[in-house]
1. Which pairs do you get when a residue that is at pLDDT below 90, found in the range 347-374, comes within reach of a residue that is of a type in the set (S, T, N, Q) and assigned to a loop (DSSP other than H, G, I, E, B), reach meaning Cβ atoms under 9 angstrom, with the pair 6+ apart or on two chains?
2. Answer with yes or no whether I408 is open to solvent by less than 20 Å² (accessible area, probe 1.4 Å), more than 17 Å from D143 (Cβ to Cβ) and free of Cβ contacts under 8 Å to residues at least 40 places away in the same chain.
3. What is the number of the single condition among (1) open to solvent by 20 Å² or more (accessible area, probe 1.4 Å); (2) under 26 Å from A93 (Cα atoms) that D355 does not meet?
4. Only one of Y259, Y309 is at pLDDT below 95, surrounded by 15 or more Cβ atoms within 10 Å (Cβ to Cβ) and not β-branched (V, I, T). Can you tell me which?
5. If you go through the range 377-433 one residue at a time, how many are modelled with pLDDT of 80 or more and part of a loop (DSSP other than H, G, I, E, B)?
6. Going residue by residue through the range 236-248, is there one that turns out to be outside any helix (DSSP H, G or I), under 25 Å from L139 (Cα atoms), among the basic types (K, R) and open to solvent by less than 50 Å² (accessible area, probe 1.4 Å)?
7. Could you say whether any residue in the range 281-294 is touching a Phe, Trp or Tyr at 6+ places or on another chain (Cβ under 6 Å) and either more than 25 Å from E100 (Cα to Cα) or β-branched (V, I, T) (or both)?
8. Mind listing whichever residues of the range 205-227 are in a helix (DSSP H, G or I), touching a Ser or Thr at 6+ places or on another chain (Cβ under 8 Å) and hydrophobic (A, V, I, L, M, F, W, C)?
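The values are calculated or read from the model by the stated rules, or taken from the named source; none is laboratory data. Remember, predicted model here, so these are calculated numbers, not experimental data. Neighbour counts are summed over all protein chains in view; Cβ atoms, including those assigned to glycine, are modelled from backbone coordinates with ideal geometry. Surface accessibility is based on the protein's heavy atoms, side chains included, excluding ligands, DNA and RNA. Shrake-Rupley method; radii C 1.70, N 1.55, O 1.52, S 1.80 Å.
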Amino acid sequence: MSVVSPDQVSIGVLVDAVPRDAVDEAIAVCGVRERRSEGKLPAHVITYLTLGLCLFPDDDYEEVAAKVTGSLDRFGCWDAAWTVPTASAITQARKRLGREVFPELFERTCGPVAGDASPSAGLLALGTARGAFLRGWRLLAIDGFELDLPDTPANAAEFGYAGSGENRSAFPKARVVALAECGTHAFLAAEVDAHAVGEKTLAQRLYPRLQADELLTADRGFYSWTAWDTAAATGAALLWRAPTQLALPVVRVLEDGTYLTVVMDSAIRGARRDRIVAAARAGHDLAGHPDAIGKLGLPVARLARVIEYDVPDRAGNGTGELIALLTTITDPGDARADEIAATYHERWEEETGNDQLKTHLRGPGKVLRSRLPDLVYQEIWAYLIVHHAISALIAKASAAADLDPDRISFAKALRLIRRTATGTADIPPSGLG
């Protein structure tokens, strides 16, 4: 019995994941609704066409429109009496749509894929949830990537280049930092900006969006006191690799061999720093300790747990690499050291998601097609939405077949979607392996 219907493995994957009412609501919120009587391409149609452009990055506007509008007609999103729009009409309609609709649409449609977190989620998870939870926490990862843009004066002014002089990149670049759901690779939140805006700056905009039932994993490049404090203040659990140079005083060694430490604002030094560490060792609550509170009444120090382990050297010389992980999960009863170490390595799932978007969906070495900044923002957010839709489809198929989503090929699912965009095919999960 097939679990994935013909309409799902087609342009219908977008209509199902991005329903018409969500499109209309985003358009209304952004104030860009068109009147058909004015002869302009309706805003909801150009929204779906822009998503279609991301499914077919090698095709020109008119060819994509011909493929997509036939399918949209079956879903009530296109009037068969209309003519397929020209490239010029699509460009003008995209300009009218502006840069705000797609991030708004992402917020409305790109939520968690792996199901509900619960105390037993990590034990009972099948399909979509496999690798997506640590006990009751939903696992997230944060990472960034860059995208090459057409070398136009407008894009260069808005986004800039990497490097300078003889080392300047050939194309302007946009920077994206995103939160992804481990296990499914689905992007749940993102920030897009110029290349000069660093990953840490974009990540700082994302941390306040964390939820108490989430656990965020991050590489050591994202650590700073400000980042850690901002993320921890949300109530979410954190699991980050500690930078090599970060001082981690031992507060108390725990029964599983891990230990408690204090992380604090780097501006806190000398006697005050010593008093904070001494207070922690004495068992005082740092949240109420005067030395651990800043001038604005905000914390300048937090208790954390350290898990250290070796990664064997691949050459077999036994030298290995010491990994030091920081987590807000201070009680070993809430998560064992081996669980935490294994969970940290789920962070690489976001690398997989980045590769799926950049290599398979967009195409290796490809430059985005948009020559104006507003359209660049549209296109990047559209890629994030399309990737989420495909990830959700794969997760649904994996759940039905009781498979890890990693066992289902993103590249093969994408080929099937593209192949059936103007036709139909009944393809079971086994056909996606």
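1. E349/T184
2. Numbers: open to solvent by less than 20 Å² (accessible area, probe 1.4 Å): yes; more than 17 Å from D143 (Cβ to Cβ): yes; free of Cβ contacts under 8 Å to residues at least 40 places away in the same chain: yes.
Considered against the rule, which asks whether it is open to solvent by less than 20 Å² (accessible area, probe 1.4 Å), more than 17 Å from D143 (Cβ to Cβ) and free of Cβ contacts under 8 Å to residues at least 40 places away in the same chain, I408 comes out as yes.
3. (2)
4. Residue meeting the stated conditions: Y309.
5. Number of matching residues: 2.
6. Yes: the range 236-248 contains one or more residues that are outside any helix (DSSP H, G or I), under 25 Å from L139 (Cα atoms), among the basic types (K, R) and open to solvent by less than 50 Å² (accessible area, probe 1.4 Å).
7. Residues of the range 281-294 that are touching a Phe, Trp or Tyr at 6+ places or on another chain (Cβ under 6 Å), as a first pass: none.
Among the residues of the range 281-294, not one is touching a Phe, Trp or Tyr at 6+ places or on another chain (Cβ under 6 Å) and either more than 25 Å from E100 (Cα to Cα) or β-branched (V, I, T) (or both), which makes the answer no.
8. Within the range 205-227, W225 is the sole residue that qualifies.
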